[in-house]
Amino acid sequence: MSTPAPDQPVTRRNTRQRQLVLDAVRSRCDHPTAEEIYLQVRETDSRVSRGTVYRNLNLLTEAGVITTVKAPGTARFDWRCDGHAHVVCRTCGAVADIALPHDETLDKRVAVESSYSHVCHSLVFEGICPACQDASEA
């Protein structure tokens, strides 16, 4: 999947609030939580509600404009929609991108073996991040 150009409409009705949410996600490389996006959007427009941010994050994910990475206790959001892997910290929930080639042959194989259509996958590894390792050693 590719990310739409900044001026390309996200959905049929690209509201100002939705654009603020998308801009906030695209401005970060740390896989923010919905709450972090909410706080960032509120810095620009204090009238935007938490529900509006959460709803727009879900709409952007459903439209394939951003992706969601499941982390312990929360979901994190990623502006990258290309096939790439993630590693998630089991302790703090931090998420990092991993440069592994995306294997589309797995999707085809699963489709054939399961008779499912439109098969796609995401690859998520789990471990303990360096910050949590340092904290446990201290």
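The values are calculated or read from the model by the stated rules, or taken from the named source; none is laboratory data. The structure displayed is predicted, hence computed values, not measured ones. Please note: Cβ atoms are built from the backbone with ideal geometry, for glycine as well, and neighbour counts cover all protein chains shown. These area figures cover heavy atoms from the full protein model, side chains too; ligands, DNA and RNA do not enter into them. Shrake-Rupley method; radii C 1.70, N 1.55, O 1.52, S 1.80 Å.
Data for the structure
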item	result
Residue tally, condition open to solvent by 80 Å² or more (accessible area, probe 1.4 Å), under 18 Å from His84 (Cα atoms) and either β-branched (Val, Ile, Thr) or in a helix (DSSP H, G or I) (or both), over region 107-120	1
Residue within region 12-26 that is in a loop (DSSP other than H, G, I, E, B) and either of a type in the set (A, V, I, L, M) or under 29 Å from Ala131 (Cα atoms) (or both) present	no
Region 31-57 residues that are of a type in the set (Lys, Arg), paired with ones that are open to solvent by less than 20 Å² (accessible area, probe 1.4 Å) (beta carbon under 7 Å, 6 or more apart)	Arg42/Val48
Qualifying residue in region 68-80 (condition: part of a loop (DSSP other than H, G, I, E, B) and loosely packed, with under 15 Cβ neighbours inside 10 Å)	yes
Single unsatisfied condition, His84 versus (1) free of Cβ contacts under 8 Å to residues at least 60 places away in the same chain; (2) open to solvent by less than 10 Å² (accessible area, probe 1.4 Å)	(2)
Every residue from region 122-138 that is at pLDDT 90 or above, open to solvent by 60 Å² or more (accessible area, probe 1.4 Å) and assigned to a loop (DSSP other than H, G, I, E, B)	Leu123, Ile128
